[in-house]
Every structure is written in structure tokens, then in C-alpha cells.
1. Kirkwood Rh and Cα-based Rg: tell me the resulting Rg over Rh for the chain, rounded to two decimals.
2. For the stretch 271-341, what is the convex hull volume of its Cα atoms per residue in Å³?
3. With the other protein chains left in place, how much accessible area per residue, in square angstrom, belongs to the chain at a 1.4 angstrom probe?
4. For the stretch 245-380, what ratio Rg/Rh do Cα atoms give with a Kirkwood hydrodynamic radius?
5. At a probe size of 1.4 Å, how large is the accessible area of residue 273, to the nearest 10 Å²?
6. Among the aspartates and glutamates, which have Cα under 17 Å from the Cα of residue 70 when same-chain residues fewer than 8 positions away are ignored?
7. Which three numbers, in whole Å and largest first, are the semi-axes of the equivalent ellipsoid of the stretch 254-311 derived from its Cα gyration tensor as √(5λ)?
8. Can you tally the net charge around residue 117? Count Lys and Arg as +1, Asp and Glu as -1, for every other residue whose Cβ sits under 15 Å from the Cβ of residue 117.
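The values are calculated or read from the model by the stated rules, or taken from the named source; none is laboratory data. Just so we're clear, the structure is a prediction, and the values are computed from it rather than from any experiment. Heads up, the Cβs are rebuilt from the backbone with ideal geometry, glycines too, and the neighbour counts pull from every protein chain shown. Areas reflect the complete protein model, heavy atoms only, side chains present, ligands, DNA and RNA absent. Shrake-Rupley method; radii C 1.70, N 1.55, O 1.52, S 1.80 Å.
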Amino acid sequence: MASDATASLKRVITLPLLVFFILGDVLGAGVYALAGAIADRAGGAIWAPLALALFFALLTAASYAELVSKYPRAGGAAVFARRAFGSPLLAFLVGFAMLAAGITSAAGLALAFAGEYLRVFIDWPSAVLAPLFLVLMAMLNARGIKESLSANLVMTLIELSGLVLVIVAVAVLSGQGQAEPTRLLDFGEQGPATAVLGGALLAFYSYVGFETSANLAEEIKDVRRTYPRALFGALLVAGLVYLAVGAGAALVMPVQALIDAKTPLMDIVHNADLGLPHGVFAIIALVAVANGAMLTMIMASRLAWGMARDGMLPRVLGQVLPNRGTPGYAIAATTLLAILLTFTGSLEVLAETVVLLLLFVFLSTNVAVLVLKKDKVDAE
């Protein structure tokens, strides 16, 4: 490994690669793995918490677009906090919360990968499959950012095709008279406000990929122009797809069945009888979850690398592999922590933990963008 902790990462990420990075990270776990859990809180009105979560995600994304354009450095929210507040301790706390959120999210996604969709093919214990999966993701991450994002491009197209299949299945079932529009306004027994806010806390987990992308700032070509365009474009596409899938699922599936189903989207596709071989949708869902985990671990390793370079974590984590230009020690450390977390909780609990950690991070970033408004930099 390079002995110099300030060694640079390779700047190889183009606009299309970044769009698919964000899209691949945002799509996936939210609807594939959490549709039933959101329905449990919001009833058939799944679209409402998804829409509210998208609104808040876009507001915070605006802050990231401005700050990444002004300060294109790996480290994301921790870098912004240090510049805005001048407090190394606060910067460390923000960075640590983001790092913990990333590692926790990856652990949750590993459990999702080792869950019901994979059991269509093999019924091994999650305690074996989840750690093995994270080790494979770490190997791809260490190989190189360009290789990782090329894999992401293919995986994102596959997971998009899965969500399009769900929308087609909803249209087929609706044509067969199985749609029930009144379910879209069924907020359950708790009332609209409680249902939407409770569901939005979980639904927000579906959109948090934009913070992940901020930590790639030093690997993006023409970052000040590329990043804002990719960020808003990917979030809007993901939001529209999520709303269509969420509303469609409630339209053709009774709320209690949606809550009880272990693989609700796969059930909808199978019920529509689209002529697909058994297991095809399970493979698509596995690719979606794997993609999210891979991209989250890329973020966590870059954040750890950036914090180590700035003296907030041990310097050894700031070293890079000399031939690959990837943060080898940071990849190993974050993967080990994610593996340990897979033994501690369920996907839903880990997802809620991620959102609560990110609320602190996003609060810091939204305040930082106001504090730094008058800070001038030598660029447009």
C-alpha cells in the first residue's frame, strides 16, 4: 500500500456513471425489501410516505449539491461541518454518524440479500450468507472504482427492469379487474398524519444514496458541473419509479396481504402470470439489494479514508492500494464492522437506525450550507 496517507484517488467517474451510481444506490432496498414494512405503518397509502420522504430528500440534496460543488473533497458531511463550524470534535461526530449509518445500512442490506429472495434458490443461514456476501463486495470494491461502477451500471439496469416488471404486472392485474383504487387512501387505523410520518421515517431510507455520492467527490470528472446534474436527475427518476411501484402494489394487493407477504413485489409479478421462469424476479431483487450494499460500502470506505487523511481516524486508514488507487485498509475495516453488525438485528431495525443517524448528519449539512453561503472559493 502507498505509505503516503495523502495519496490521491483516481478521478474516473463521468456523468453517466455517477447518475447510475446514485440511481443504483437509491433504488433497491427501499421498495424491494421494505414495501410491506411501509404498508404496516401507512396502510394502502404507501405513495404518501414515499412522496414526503422524496420531498425532504430533495431539500437536503440541494444542500449537498451546493457544498460538494464548493468543496469537492472525500469526507462529505464531515468536511462541511469542519469548514462551517471550525470544530474538529463536531466534524468527527458528524463523520462518525455518517460512517456508522453507512456500515449499518450495508449490514441491513446484507441481511436482506441473505433473506427470502435468496431462499428461492438456497436455504442457508443468514449468519453464513451475509458475511460471505460482504466479503465479496469488499473484493470488488478493492479492485477499483471504475470496475465497481461498471458493475453498478449493469446491476442498476437489471434492478430498473425489475421495477418496470412490477408496473407492467400491476397494469395486467388492473386490466383483469383486480385493482381496488380506494386502498390508495386507506391510511389504516392511526389516521393520515401519523401514518404518513411513521411511514416516511422508514421510506426515507429508500432515498439516502445521495449522501453516499458526496464521498466520491475526488473521483468525479468535472465535479462542479457533473455532481448537481447527476444528483437531482437520479433522485427524481428514482422517486417517480418508487411512487409508481408503491401505489401499484397497494392497488392490486390487499393491505394485510402486503404486510404479511415476505416478497410482495415478487408475488405481484407471479400473480400477473407474465410468462417469466420461476426465480427470475428473485434474481433481479437480489441484484438490486447487492448493488445497494456495494455502493454503500464504497461510500463508507471513502468516508473513512477522507476522515483518516484529515486526522479524525487512524492514519493507516488513509492509505491506498498502489496499483488500484483504492483505500484498502478502509475497505477492510468497514467490511469487518458491517459483518459484525449482521449478527445484531433485523433489516427493519437497522434501517431505522440508519435514518436516525442520518437525521443528525443532514441537520448538520443543512445548517452548514447556510453558514458557508458567504464563503468564497476560487471557482464558479
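1. On the way: Rg = 20.2 Å, Rh = 20.8 Å.
That ratio equals 0.97.
2. Working: hull volume 9.1 nm³, N = 71.
So the per-residue Cα hull volume is 128 Å³.
3. Values: 14640 Å² over 380 residues.
Value for the chain: 39 Å² per residue.
4. Details: Rg = 21.1 Å, Rh = 19.1 Å.
Rg/Rh for the stretch 245-380 comes to 1.10.
5. 120
6. Correct list for residue 70: 211, 218, 219, 222, 375, 378, 380.
7. Numbers: eigenvalues 287, 42, 6 Å².
The three semi-axes for the stretch 254-311 are 38, 15, 6 Å.
8. Details: positive: 119, 262; negative: 116, 123, 159, 267.
Residues near residue 117 contribute -2 overall.
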